[in-house]
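**Student:** One structure coming up, written as structure tokens, with questions to follow.
Bear in mind that the values in this text are calculations on the coordinates, not laboratory data. The shown structure was predicted, so the numbers you read here are calculated from the model rather than taken from an experiment. Here the Cβ is made from the backbone with ideal geometry for all residues, glycine too, and neighbour counts use every protein chain on show.
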Amino acid sequence: MTKDQLILLLKKYKENKAKLRLEIKEKEKMIEQLKDVGQIYLKSNTIKLNGNIKSKNSITDTVGNTVSNSIDKENNIYVQLESLEKEIIQLNDLIEEVDIRLEALQYKEREILKAYYIDGCTYEDIGNRVYHQLFGQMRTARNIQDVVEKAIKKMLKI
């Protein structure tokens, strides 16, 4: 992995986590849709069994169309679900890649990197506000920049 790729992963970390959560929600909705389609199919079969009241042809056509539409809808959902599952796996891999590399850092390095790349704070802001909140001290922008550069090098070695 190159430095630019790592930095891009860090910058997109929040966005990837949000996308992952949305994709998982979408997957759950699709699974519910599959359940609904299955119930329509079951209801259609029930109509077929209890349908001796009207003409057998009209009932069979209605049931056939309903079942056919249900099967088509079910197949479409499965295709979308498969695509969604691949995207979920990719997003999960990207997030896990960052998490593993961040775990290898010391607490101070990890928090400064998160503040700089993930939260988008400036070196000055980190030195004056974030570092002070975390450690009760202040640091110059240059000190923070040095910590960021060393942490990135450390992450690349992993």
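**Student:** Cross-link partners among aspartates and glutamates for Lys35, C-alpha distance below 17 Å, same-chain residues fewer than 8 apart left out?
**Tutor:** Glu26, Asp72, Glu74, Glu82
**Student:** So which of Lys3/Lys25; Lys14/Lys86; Lys19/Lys157; Lys17/Lys114 end up more than 22 Å apart by C-alpha?
**Tutor:** Distance filter (> 22 Å) returns Lys3/Lys25; Lys19/Lys157.
**Student:** Measure off 7 Å from each Cα along the Cα-to-Cβ vector at Glu85 and Lys154, then give the distance between these two points in nanometres to one decimal.
**Tutor:** Distance between the two pseudo-spin positions: 3.9 nm.
**Student:** Right, something else. At q = 0.14 Å⁻¹, what is the log10 ratio I(q)/I(0) for region 106-158, with the Debye formula run over Cα points and no solvent?
**Tutor:** Per q value, in the given order, log10 I(q)/I(0) is -0.29.
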